[in-house]
Structure formats: structure tokens, C-alpha cells
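The values are calculated or read from the model by the stated rules, or taken from the named source; none is laboratory data. Everything numeric here is computed off the predicted structure, so don't read it as measured data. All Cβ positions, glycine included, derive from the backbone under ideal geometry; neighbour counts span all protein chains shown. Quick note on the areas: whole protein, heavy atoms, side chains included, nothing else; ligands and nucleic acids left out. Shrake-Rupley method; radii C 1.70, N 1.55, O 1.52, S 1.80 Å.
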Amino acid sequence: MQVGTLITRCGTIRVELPAPDTILMPGILWGALDSFPSPAYWHYQVISRRLTQRILSTQLGRTLTEEVAASLLGGHGIPAAVGIAAYEKLCRLGAFVGYPPDAGQLEGWLREPLTIGQRQVHYRFAAQKARYLAVALQRVPDAPDFDSGRELRDWLMQLPGVGPKTASWVARNWMQADDVAILDVHILRVGRALGLFPWQWSVDRRYFDLEALFLQFSHAIDARPSELDAVIWAELSSSPRLARFIDSFADHRRLSLAASQE
């Protein structure tokens, strides 16, 4: 086995894991605990953050309606800071309480410049997002109760503009659900680098197949999927250097695999 030590304010904790050459899943070894981005490395990081209370909370809304709105206002092509600024502005304007504003009012608010730090920016896709948001604000307050994150996700995917990633984000944040996964670019990077995700599978066409593999991997390393994806996101989003490294690592693995099959 391999052993790691976690240092906390109250003392030290010994972490014992299988040896690096032990099979975790078909085609995937545990790897060394100090070897990024091995499964052992991710297990250790999850346990470390759990014990030191550094697991990130990504919930933004106080209600399900607010959480759905926050997720709709972000997404592809919209930097996180811009999406959050738009959400906070609409909160201040009372868009999520009382009788919901229509698409025209929402679009007008979204077209106004947003202040982020010392600069002003314009929100992209104001008309499209306003239409999606107007429907959500009408329907989500009347949503039924859900027994699982997957049930909530399936219901949310009936709303215009809500795909599996957005719906999974809401389900994970609102219900702390571990039966769904948020397959963002960083999860895809890690999955491909580990050999967990087949290269020919795209998130657009095989979302649920990729999700099933990520949930299986999380279970194999004894980590909650919601914890694991938060840890992966925190590490890679904070370090462009790590993101570039894991991309090159994944490319090397792909080329080595292709060469071995020739």
C-alpha cells in the first residue's frame, strides 16, 4: 500500500491507499498519491478538503427559482464573473420575487452595462437568455417536490434553454445530489487524461454515458461526485498551467494508445 499524511489543526491523520499499480477500474490504476492527476491524487485531495472544511459550495440561490436563474445566466460563452454579475443585478431589481417580469423587461435589464471590478461589460445573448429566463420564472415556483437530483434534472430539462449540464448544475447545488454529474471542461480533461472517457465520445452526444463513467469512478475512489467535481474545478480553474499540463498529458495518452493499436 501507499501512505499519506494529512495535517490538521488537531493533529495528523494517516491515509492508506492501495499500491500505485493496483487496478482501480478496467484500464485504470490507482497511481501514486503524489502523482497528478492519478486517482490516488484526487482521493487524497477530496479527503484533505473534507477534513479541513475546504469543500467549495457553488450554490448561489436562496430558492430553487434563483438557482435556476443563476445557472441560466451563465453557461457557454459567458464568463463566470459576468453571469454572476447579471444574476446579482437581477436579484437587486427584484426579478425573482413577486410577479415575474416578462422577457422584454428582463432583456432591457440585461442590456444595461454590468460593473465588474473597475470595468463595465455588456452581457452577451441578452434577448435569448431573457426568453429562457421568463419561462423559467413562470414555471419553477410551481415545481413539484423531488426525491432525487436526477428527478429534478429531468424536470428542469423540459424548460427551454436548459440542457443536461445546466440541469445537473442546479440539481447538484440545490439538492447536494450525487446521482448526477456536471461535465464541464475540467471534468472532461481529467476523464480523458485518466483514460476514463473515450476520446470519440463528445459531451453533446454522450452526456449520460460520460456521466455514468464519472459516477462509477467517484464511487471507486470513495468520493462523493459533488465533492470530486468541486475539487477538480477548484484546482484546474485556478491554474491555467495545470489545465495546459493535463491537456498535454491527455494528448500523450491518446497518441500512445493510437500507436499501440497500429
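If you wrap the tightest convex hull around every Cα atom of the chain and split its volume per residue, you get 156 Å³.
Ligands, DNA and RNA excluded, the heavy atoms of Y41 present near 40 Å² of accessible surface to a 1.4 Å solvent probe.
Charge tally around G161: other residues with Cβ under 11 Å, Lys/Arg +1 each, Asp/Glu -1 each, net +2. Note on segment 14-95: with charges restricted to the Cβ of Lys and Arg (+1) and Asp and Glu (-1), its dipole about the Cα centre is near 320 debye.
Segment 121-146 and segment 199-223 have their alpha-carbon centroids 28 Å apart. Taking amide hydrogens as placed 1.01 Å from N in the peptide plane, the amide H of V15 sits under 5 Å from those of G4, T5, L6, each at least 5 positions away in sequence or on another chain.
Do the sum for the chain: with -39,500 (n - 2.57) for every DSSP H run of n ≥ 4, divided by all residues, what is the mean residue ellipticity at 222 nm, to the nearest 500 deg cm²/dmol?
-16500 deg cm²/dmol
Between amide H atoms placed 1.01 Å from N, distances below 5 Å from I116 occur with V121, all of them 5 or more places distant or on a separate chain. Set the Förster distance to 35 Å, then compute FRET efficiency between H76 and V97 from the Cβ-Cβ distance, nearest 0.05. The computed FRET efficiency comes out at 0.80.
With the convex hull drawn around the C-alpha atoms of segment 183-260, the volume per residue stands at 87 Å³. Can you list the HN-Hα couplings for segment 245-250, worked out from phi with the Karplus curve (6.51, -1.76, 1.60; θ = phi - 60°), rounded to whole Hz and with x for Gly and Pro? My calculation for segment 245-250 gives 4, 5, 5, 5, 4, 5 Hz in order.
Could you work out the relative contact order of the chain? I mean the mean sequence separation of Cα pairs under 8 Å and 6+ apart, divided by the number of residues, in percent.
Relative contact order comes out at 16 percent.
Using the Cβ-Cβ distance between V15 and R253 with R0 set to 22 Å, the FRET efficiency works out to roughly 0.25. The H on the amide N of I28, modeled in the peptide plane, is under 5 Å from the matching H of no residue at least 5 residues off or on a different chain. Charges were assigned to the Cβ only: +1 to each Lys and Arg, -1 to each Asp and Glu. The resulting dipole of the chain about its Cα centre is roughly 760 debye.
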